[in-house]
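*Asks:* One structure, pasted below without further comment.
The values are calculated or read from the model by the stated rules, or taken from the named source; none is laboratory data. None of the values given here were measured: they were computed from a predicted structure. Here Cβ is always computed from backbone atoms with ideal geometry, including for glycine, and neighbour counts include all displayed protein chains.
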Amino acid sequence: MQKVFFFMSGIKLEESRALNRSLKLKIYKTLIRPVVTYGCEAWTLRSRNEQQLRIFEQKILRKIFGPIQDENGFWRISKNHELNEVIGNADIVRFIKSRRIA
């Protein structure tokens with residue numbers, strides 16, 4: 001998981017101004033998330049693992065969506081609930097649990 005994050009940091013995909021946010025989100029959902037969750041059908045997820053996966057996803061999404069401007073005109077980082085609204089509450093842990101073998 002950390003290797004994918006550092007690979008993402010190395011190519012500066014999330015900071016590229018040539019790609020819009022929706023395209024960056026599609027790249028995350030189609031390329032990065034499947035690499036991170038490879039073999040997740042057989043994983044036993046503990047609460048610590050779920051927390052680490054959510055932290056990883058939030059870091060990536062914060063880099064993709066960047067800071068937002070609040071009503072006072074100050075810039076701040078996005079909060080978790082704001083990012084969840086943007087991705088439609090389809091976080092990585094729910095993705096993994098939906099792929100599990102019953």
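*Asks:* Just checking, how many residues over segment 35-55 are closer than 15 Å to Arg94 by Cβ, assigned to a helix (DSSP H, G or I) and modelled with pLDDT under 90?
*Replies:* 3
*Asks:* If you scan segment 62-86, which residues turn out to be closer than 16 Å to Lys24 by Cα and part of a loop (DSSP other than H, G, I, E, B)?
*Replies:* Of everything in segment 62-86, those that are closer than 16 Å to Lys24 by Cα and part of a loop (DSSP other than H, G, I, E, B) turn out to be Gly66, Pro67.
*Asks:* If you go through segment 36-85 one residue at a time, how many are over 21 Å from Ile101 (Cβ atoms), among the acidic types (Asp, Glu) and more than 9 Å from the chain's Cα centre (by Cα)?
*Replies:* Residues in segment 36-85 being over 21 Å from Ile101 (Cβ atoms), among the acidic types (Asp, Glu) and more than 9 Å from the chain's Cα centre (by Cα): 4 in total.
*Asks:* Please identify the pairs in which a residue from segment 68-80 that is without any contact (Cβ under 8 Å) to a residue 12 or more places away in the chain has its Cβ atom under 8 Å from the Cβ atom of a residue that is in a loop (DSSP other than H, G, I, E, B) and surrounded by 10 or more Cβ atoms within 10 Å (Cβ to Cβ), counting only partners at least 6 apart or on another chain.
*Replies:* Between residues of segment 68-80 that are without any contact (Cβ under 8 Å) to a residue 12 or more places away in the chain and residues that are in a loop (DSSP other than H, G, I, E, B) and surrounded by 10 or more Cβ atoms within 10 Å (Cβ to Cβ), the close pairs are Trp75/Pro67; Arg76/Pro67.
*Asks:* Which ones in segment 44-61 are out of contact with any Asp or Glu (no Cβ under 9 Å at 6 or more places or on another chain), within 20 Å of Lys24 (Cα to Cα) and among the basic types (Lys, Arg)?
*Replies:* Lys59
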